[in-house]
Amino acid sequence: MTSIKIWSEKIKKHISQRFLGHQDKVDLVLAALLSGGHVLIEDFPGTGKTLLAKEFATLAGGDFKQIQCTPDLLPSDVLGVSVYNEEKQKFLFRRGPVITNFLLVDEINRATPRTQSALLEAMAESQVTVEGKSMALPKPFFLIATESPVDSEGTFPLPEVQKDRFILSLSLGYPEGYHEALIMKGQFRKKNTQPVTSPEEIQEARTLVSQVYCSDAVKSYILKIIQATRDNQSLMLGVSPRGTLALYNVSQALAALEGRDYVIPEDVKKAAWPVLSKRLLFKPDRFGKNSSGQDFLNNILQGIEVPPLEKLSPA
């Protein structure tokens, strides 16, 4: 998997010229891209969510579209609609922004549930159905959605079924003081970003990542984590089978980004919170005021025996 590591380092090098810091979060977005999933970035306004999404799309060299969500956004604004052409005297389909390689859905929680649901089929099956006809989306299709956790007026919280469509979620947080000083000096303003990879290379990289070896011991470790969420009395819902696959696939991608062709428990631990955080639904009377969801998940991880490193690599 050395080729994946070299490929990813090239992308991260260029991203760091415009997006300062948060290299661990860049790794997670790359892992989601290589896993064939989609990313939800939840953070305060002005922390670089949109910039990060645009940099990824530009560096990948594919088609990029952006949807700025508002309460009056309609499903047809996302999927497309047939418009009557007087010259040709027939209806012609006008493609919506979802038909692209890279889609940024900015402030997704400002769209109504009806419009949010227009993205479900695209995220799960890489296709859309418009006016009774199914249409495959370009490959790769990668969606990054952003939302602010502090806005409440004029927003519509994402339902559990929508959250489950994202392979992982993350929060960028504020930059470190050193990086913020560089931002003030304008040292992040480099020349326009140029593509350093292509949709074809991304598809090839995805194929390689899907071949990363995962031993039976690590697979069992993943299943024990998932089952622990289902058995825990503090949760209304445990992690779904889609969440199991997400944890498995992101662990494979993180291993490849490290240059390994096999998964180790540390990959699973690194992926656990980003992948599972939005899939844990706590009972109101069971979630302690002095604890966090991450503390809860850490307790689950601490209670599960970690498989030894021996015999985790392919023979």
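Rule-based calculations on the coordinates, nothing more; no lab input. Predicted, not measured: the structure shown is a model, and the values here were computed from it. Please note: Cβ atoms are built from the backbone with ideal geometry, for glycine as well, and neighbour counts cover all protein chains shown.
Give me the number: length gained by fully extending residue 215 to residue 135, i.e. 0.36 nm times residue separation minus the C-alpha to C-alpha distance, one decimal in nm.
Full-extension gain reported as 25.1 nm.
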(request) With everything on Cα atoms, drop me the angle between helix 49-60 and the longest principal axis of the chain, reported from 0 to 90° to the nearest 10. (result) 80
(request) Treating the angle as unsigned and between 0 and 90°, give the value, to the nearest 10°, between the Cα long axis of helix 241-257 and the longest Cα principal axis of the chain. (result) 80
(request) Please give the length that would be gained between residue 282 and residue 125 if that part of the chain were fully extended, namely 0.36 nm times their separation in residues minus their C-alpha to C-alpha distance (nm, one decimal). (result) 53.7 nm
(request) Return the label of the correct value of Kirkwood radius over Cα pairs in Å, as calculated from the structure shown, out of (i) 20.8; (ii) 23.3; (iii) 20.3. (result) (i)
(request) Multiply the residue gap between residue 231 and residue 204 by 0.36 nm, knock off their C-alpha separation, and tell me the result in nm, one decimal place. (result) 5.9 nm
(request) Have a look at 256, 277, 37 and report the one farthest towards the positive end of the charge dipole of the chain, computed about the Cα centre with Cβ charges (Lys/Arg +1, Asp/Glu -1). (result) 256
(request) Please tell me which of these pairs span more than 32 angstrom C-alpha to C-alpha: 54/278; 13/65; 5/278; 5/224? (result) none
(message) At a 10 angstrom cut-off on C-beta neighbours, averaged per residue, how do the peptides 255-264, 121-130 rank from highest to lowest?
(response) 255-264, 121-130
(request) Taking the chain as the reference, fit the longest principal axis to its C-alpha atoms, fit the long axis of helix 23-35 to the helix C-alpha atoms, and give the angle between the two in degrees, 0 to 90, nearest 10. (result) 70
